[in-house]
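As structure tokens, the structure follows; a few thoughts come after it.
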Amino acid sequence: MIKRRDLKKLREKMVKEQIEARGIKDKLVLQAMRKVPRHFFVDEALETQAYADHPLPIGYGQTISQPYIVGLMSQLLQAKPGMKVLEIGTGSGYQAAILAEMGLEVYTVERIENLYSRAKNLFQELGYKTIKTKLDDGTLGWPEYAPFDRIIVTAGAPDVPEPLVDQLADPGIMVIPVGYLRKSQNLWKITKHKAEVSKEELGGVMFVDLVGRYGW
Ligand code: SAH
């Protein structure tokens, strides 16, 4: 086990070299990434790699995203404290913790039971008690709490799930990796404004599959 002080240094180095140096400027995002202890979201055996420049396995064939991708997607949301955000693909819970640390009201859905309960317990332990978790097919959204000011999908979709577009507030922003081939997607930013939905393509990314009724 490495010392807490050293983990903090690794985290600071991660933010400087992987996040700030690559152009992430959103203060809320930078501050959250400096604060959230990423090493708690990976297996203890991988602790020393938690702040490295790549994704890591979290079991069940799933991964925790590379820090830069978390920073990029969080910034693309252009979020302000108090906004309601829906995340599809809780996974390790790291992205949800970043959103909570940014002051957002977080709703997060995971389809794999073990990942869902692990993240739920971790949120309690680390004090992210306001994050609302749900075990379900996230491609259906979370209608009871819709509309959401922001939606972030952290698994690769074959197309944008219709229920998520419906549950996006107006105005609202959704960030989602979309690809007609598995394991290779383009990051899309979907904007809803005055009932019009538009799309911006932001470049190649690689996510695990979004599996569900409106997924793979
Ligand atoms: N945001 C996560 C990334 C996890 S990887 C993190 O910070 O660690 C993507 C996750 O999406 C996996 O855990 C996978 O099980 C989940 N997933 C895939 N399809 C889903 C669906 N339809 N609904 C909810 N979660 C889904």
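Computed quantities for the displayed model
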read-out	value
Residues of region 60-83 that turn out to be within 9 Å of the ligand (Cβ to nearest atom) and more than 11 Å from the chain's Cα centre (by Cα), as a count	4
Pair list, Cβ under 8 Å, 6 or more apart: region 71-98 residue surrounded by fewer than 23 Cβ atoms within 10 Å (Cβ to Cβ), other residue among the aromatic types (Phe, Trp, Tyr) and part of a helix (DSSP H, G or I)	Lys84/Tyr145
Subset of region 101-122 (residues that are more than 15 Å from Gln62 (Cα to Cα), surrounded by fewer than 22 Cβ atoms within 10 Å (Cβ to Cβ) and within 12 Å of the ligand (Cβ to nearest atom))	Leu122
Qualifying residue in region 170-184 (condition: buried (at least 21 other Cβ atoms within 10 Å of the Cβ), more than 10 Å from the ligand (Cβ to nearest atom) and touching a residue at least 40 places away in the same chain (Cβ under 8 Å))	yes
Residue among Thr133, Thr139 that is modelled with pLDDT of 95 or more, more than 18 Å from Gln78 (Cα to Cα), part of a helix (DSSP H, G or I) and within 16 Å of the ligand (Cβ to nearest atom)	Thr139
Residue ID - nearest to Gly138 (Cα to Cα), chosen from residues in region 84-99 that are part of a strand (DSSP E or B) and near the ligand (Cβ under 8 Å from one of its atoms)	Ile88
Of residues in region 60-70 being of a type outside the set (Ser, Thr, Tyr) and out of contact with any Phe, Trp or Tyr (no Cβ under 6 Å at 6 or more places or on another chain), the one surrounded by the fewest Cβ atoms within 10 Å (Cβ to Cβ)	Gly61
Counted residues, region 101-130 - those being part of a loop (DSSP other than H, G, I, E, B) and hydroxyl-bearing (Ser, Thr, Tyr)	2
Count of residues meeting criterion [within 14 Å of the ligand (Cβ to nearest atom) and of a type in the set (A, V, I, L, M, F, W, C)] in region 188-216	7
Subset tally (residues that are free of Cβ contacts under 8 Å to residues at least 12 places away in the same chain and either surrounded by 14 or more Cβ atoms within 10 Å (Cβ to Cβ) or closer than 14 Å to Gly71 by Cα (or both)) for region 18-48	5
Yes/no for Leu202 being crowded, with 16+ Cβ neighbours inside 10 Å and within 18 Å of the chain's Cα centre (by Cα)	no
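Here is a yes/no grid of residues against (1) touching a helix residue (DSSP H, G or I) at 6+ places or on another chain (Cβ under 6 Å); (2) outside any loop (DSSP other than H, G, I, E, B):
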residue: Asp149; (1), (2): no, yes
residue: Asp166; (1), (2): no, yes
residue: Lys189; (1), (2): yes, yes
residue: Leu202; (1), (2): no, yes
residue: Val211; (1), (2): no, no
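The values are calculated or read from the model by the stated rules, or taken from the named source; none is laboratory data. Please read these numbers as outputs of a predicted model, since none were measured by experiment. Every residue, glycine among them, receives a Cβ derived from its backbone with ideal geometry; neighbour counts consider all protein chains shown.
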